[in-house]
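Chemist: Pasting in a structure now, in structure tokens, and then I'll have a few things to ask.
The values are calculated or read from the model by the stated rules, or taken from the named source; none is laboratory data. Note that the structure is a prediction, hence the values are computed from the model and not measured. Cβ: placed from backbone, ideal geometry, glycine included. Neighbour counts: every protein chain shown. With ligands, DNA and RNA removed, areas are computed over all heavy atoms of the protein, side chains included. Shrake-Rupley method; radii C 1.70, N 1.55, O 1.52, S 1.80 Å.
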Amino acid sequence: MNTYKTIIIDDEAIARERLKRLLNDCCPQVEIVAEAKNGIEGAKLINELRPDLIFLDIQMPGKTGFEMLEDLTHVPHVVFCTAYEEFALKAFNTLALDYLVKPVEEERLQMTIQKLERFAHASSTFQVAELLQMVRQQPEAKKLQSIAHKIGDRVILIKTAEITYFMAKEKYVEFYTGDGKQYLSEMTIKKLTEKLPESFCQIHRGIIVNRDRIKEYRKYFRGKYILVLDDSAATKLETGRSYAHIVKEHWAME
């Protein structure tokens, strides 16, 4: 059995851990030799370790995954891991080994490794300029209209319009609907702020609230506010002091 030296490049620690766990559990052909949390680290590791395969996030701070590819002197097989809509990446099939839409599923990952084994001896070199041109021609990524919540083998989609707020808790993010039901998301607060519709606003390092579900606000001490929601529990959320100016701008507070 061939083994493939592999590097995982993603700014989200949760996403890296999930992918490592899946690869270790179901893909013995893959030998994870390193991981990186941004494009600068990723390019350095790739050029030094010369892996056979990389799993590459597209949206990262500093340099995007596409920009990182321009810094490579060694070009491995590339699998994009992204929250982009699937249609937006179909054009890349001839320029990369494969793409995986987050959250990555085991069955889909196994298909990627099977594809790698079929094309492992083919050249992995591709035209970065052409790829970046394709990226510029893609329509703007759509905002999330629903959030996935897993229950065993099932995935429930909760419409964002029904969600009142998100709150970071350890390794996951909890989110709540107006009827008080609680769900879990594997997306980070940072990623959610990028993907959620404009009606959502971050009011604390670990809290995002649906502005359409605010019933009232109350001034609090040290420049903070208490936001009262219109959900069944009349939830009260305390804003972070450094987010006070954002709260004022969103609700035109004096």
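Chemist: One residue is enough: does the stretch 22-29 have a residue meeting the conditions among the polar types (S, T, N, Q), over 30 Å from Arg154 (Cβ atoms) and modelled with pLDDT of 90 or more?
Modeler: no
Chemist: Also, quick follow-up: Could you look through the stretch 36-53, keep only residues that are of a type in the set (D, E, K, R) and either on the phi < 0 side of the Ramachandran plot or in a strand (DSSP E or B) (or both), and pick out the one that is nearest to the chain's Cα centre (by Cα)?
Modeler: Restricting to residues being of a type in the set (D, E, K, R) and either on the phi < 0 side of the Ramachandran plot or in a strand (DSSP E or B) (or both), the top hit is Lys37.
Chemist: Restricting to the stretch 54-80, name every residue that is open to solvent by 10 Å² or more (accessible area, probe 1.4 Å) and assigned to a strand (DSSP E or B).
Modeler: Once the filter is applied, which keeps residues that are open to solvent by 10 Å² or more (accessible area, probe 1.4 Å) and assigned to a strand (DSSP E or B), the stretch 54-80 yields only His77.
Chemist: Another question, then. Restrict the check to the stretch 130-138 and report whether at least one residue is in contact with a Ser or Thr (Cβ under 9 Å, 6 or more places away or on another chain), part of a helix (DSSP H, G or I) and modelled with pLDDT under 75.
Modeler: For the stretch 130-138, residues in contact with a Ser or Thr (Cβ under 9 Å, 6 or more places away or on another chain), part of a helix (DSSP H, G or I) and modelled with pLDDT under 75: present.
Chemist: In this structure, does Leu89 turn out to be at pLDDT 80 or above and open to solvent by less than 70 Å² (accessible area, probe 1.4 Å)?
Modeler: no
Chemist: Now for a different question. Please determine, by comparing only the residues of the stretch 21-35 that are open to solvent by less than 30 Å² (accessible area, probe 1.4 Å) and in a loop (DSSP other than H, G, I, E, B), which one is farthest from Cys81 (Cα to Cα).
Modeler: Selected residue: Gln29.
Chemist: List pairs: first residue in the stretch 1-20 and assigned to a strand (DSSP E or B), second residue of a type in the set (Lys, Arg) anywhere in the structure, Cβ distance under 7 angstrom, at least six positions apart or on different chains.
Modeler: Listed pairs, sorted by first residue: Ile8/Arg16; Ile8/Lys20.
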